[in-house]
Amino acid sequence: MVKITASITVALLAAFLLASNSNGKAARAYPVDAIREEIGATQIKVMTFNIWIGGGAVDFAKVIDAIKISGADVVGLQEAEGTAPKIAALLGWAYADERLQIISKYPMIQPGDGAGLYTYVQLSPGQVFAMSNIHLPSDPYGPYQINEGADLKTVLKSEEDTRMPVINKFLPTWKRLLAHKIPLVITGDFNSPSYLDWIKSTVGLRPAMKFPVAWPASKSIADLGMVDTYRVIHKDPKKVPGITWTLGYPYPRIDPKEVVDRIDFIWVPTGTKVSGSGIVGPTGGPDVEFGVLPFPSDHLGVVSTFNFDPVEPPPYIATNSNRYEQGDPITVAYHGPLGDADSVAIVKVGDDPLTQAVTSTPPQEAGFFGQMRMGSGNLSPGKYEVALISKDKVVQRSAFWVVTRGAFPTVGTDKSSYSSGSPIQISWKNSFGRKFDWVGIFSTKSTDIYYTQSSFHYTDATVDGSCTVTSSDTGGALPAGEYEVRLMNDDGYVVLTAQKFSVHSKG
């Protein structure tokens, strides 16, 4: 490759020895010739909100009202069905990360090691906190199982088999972020109660609460050194249950036998100053602090206020999307460790950025933090990486895909017919690269698409990818019959594309 290098201008370099921030503290330099303000402790309001199959089941405008009345600065959405950018725009916010269903008043940067697991929220250039947003599998639902007579051992095994595999994908990343003292927020619909609520004193509080349960999903996050912000403020689950699912479809239309609970959470590290946490729900509903009628979802939102001291992150490279159509500009954000020795290169995935770059350029006039635009018109369809290079060493890579103009997703299986119990390999191409797009197997005997899938796998923000479905994923061997694999839209039940296959009896 022909490598282009250039010095990066740092506007205040000459004033380095005299620099100070508004608090009179010397501005920390990283490296020695970069100057930035540390903004210090900053109040943030974060909301988690499952908006219910795209937000249009009741009144889409009320989704916007609910977020506005909460006062949130950043929102982790679930079941967005591709509406995250629209919601952000209607709020007047510039930032929506469809990969994670997070919308924000502040810029978001998903670094190369984010892998669809977290993003940085940038409160000021070079000053960030990290945020993850999750939606755990819904079925089988533990409180239903207990209400129907299941014992503790059965329920805990179900939790370990159903929800913990998803949590376990995140745990190493969360541990790493916390080890590096990077402030972390975790939002989400857990589809599982809190271990803080199902305790001896609450047994009998609701019909399903027949015995204490240390629900593994919430307990595993607490074990990292995180706290449930709602329970920091509302400590007694008997006095303030804080039910988030459900108070109605819409409120107050609810089956009298429905099992309700608190399953939507916001977590922050132990020691974080949490000054408030409240429920966003139907006006007049139990424990509702921020009321809206008609309320637009079957889940109530949670909004928490806390103080974070944002930090300077490690060096990173990040694209603003992981899917580009040929000709789209690629916006690349970076934190370069050395400035005048740094460059950015695009390579085919796995190639050496030092010798096999498709294109290369230095960051230009934006200091050690900034963004640049690169072209995709010379890139053939496929998977690529943008790499940050410093002193002839690759600091970080961030993967993305280029697809043909107008490319639409496809899905398929590796065979057209399987014997019952055989593993089924599903692959997808040209998908929209959102973490919560998912593939499922459905029987063609039923026209009902809601909650009738035999298997469920998120695509985990990949544009081209695959997964293998086994009997354990389908609750036993699929019986002989005709089936369809479907690629579903962004945590919802809109079918993007499908392909039929059959299953026959062994022998």
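Scanning the stretch 62-83 for residues that are assigned to a helix (DSSP H, G or I) and either within 11 Å of GLY492 (Cβ to Cβ) or touching a residue at least 24 places away in the same chain (Cβ under 8 Å) (or both) turns up LYS62, VAL63, ILE64, ASP65, ALA66, ILE67, ILE69, SER70.
In the condition set (1) crowded, with 19+ Cβ neighbours inside 10 Å; (2) hydrophobic (A, V, I, L, M, F, W, C); (3) assigned to a loop (DSSP other than H, G, I, E, B), VAL227 is compliant with all but (3). Between GLN326, GLN396, the distinction of being within 29 Å of CYS467 (Cβ to Cβ), polar (S, T, N, Q) and buried (at least 19 other Cβ atoms within 10 Å of the Cβ) belongs to GLN396 only.
Of the conditions (1) within 20 Å of the chain's Cα centre (by Cα); (2) in a strand (DSSP E or B); (3) more than 30 Å from PRO125 (Cβ to Cβ), SER220 satisfies every one except a single condition; which number is it? Failing condition for SER220: (2). Looking for something under 27 Å from the mean Cα position of the chain (by Cα), among the hydrophobic types (A, V, I, L, M, F, W, C) and over 30 Å from GLU79 (Cα atoms) - is there at least one such residue anywhere in the stretch 276-295? No, the stretch 276-295 contains no residue that is under 27 Å from the mean Cα position of the chain (by Cα), among the hydrophobic types (A, V, I, L, M, F, W, C) and over 30 Å from GLU79 (Cα atoms). If you check PRO183, PRO212, PRO207 for being assigned by TED's automatic domain parsing to the domain that holds TYR141, of a type outside the set (Val, Ile, Thr), closer than 15 Å to GLN145 by Cα and touching a Phe, Trp or Tyr at 6+ places or on another chain (Cβ under 9 Å), only one passes: PRO212.
Among the residues of the stretch 408-448, the ones that are within 17 Å of ASP490 (Cβ to Cβ) and either over 24 Å from the mean Cα position of the chain (by Cα) or surrounded by fewer than 16 Cβ atoms within 10 Å (Cβ to Cβ) (or both) come to 1 in all. Please specify each residue of the stretch 41-84 satisfying the condition of being surrounded by fewer than 21 Cβ atoms within 10 Å (Cβ to Cβ), modelled with pLDDT under 95 and in contact with a strand residue (DSSP E or B) (Cβ under 9 Å, 6 or more places away or on another chain). Result: ALA41, THR42. Taken as a whole, the condition of being in contact (Cβ under 8 Å) with a residue 24 or more places away in the chain, in the same structural domain as ASP228 (by TED's automatic domain parsing) and touching a Lys or Arg at 6+ places or on another chain (Cβ under 7 Å) applies to PRO294. For the stretch 175-193: of the residues being out of contact with any Leu (no Cβ under 7 Å at 6 or more places or on another chain) and surrounded by fewer than 19 Cβ atoms within 10 Å (Cβ to Cβ), which is nearest to PRO137 (Cα to Cα)? Ranking the candidates gives ARG176 first. Of all residue pairs spaced 6 or more apart or on separate chains, those with beta-carbon atoms under 8 Å, a first member in the stretch 466-488 that is assigned to a strand (DSSP E or B) and a second member that is basic (Lys, Arg) and at pLDDT below 95 are GLY481/LYS445; GLU482/LYS445.
Of GLY350, GLY370, GLY284, all but one fail to be assigned to a loop (DSSP other than H, G, I, E, B) and within 30 Å of VAL463 (Cα to Cα); the exception is GLY350.
Out of SER192, SER201, which single residue is of a type in the set (S, T, N, Q) and in contact with a helix residue (DSSP H, G or I) (Cβ under 6 Å, 6 or more places away or on another chain)?
SER192
The values are calculated or read from the model by the stated rules, or taken from the named source; none is laboratory data. Values in this document were obtained by computation on a predicted structure and should not be read as measured data. For neighbour counting, all protein chains shown are included, and Cβ atoms are generated from backbone atoms with ideal geometry for every residue, glycine included.
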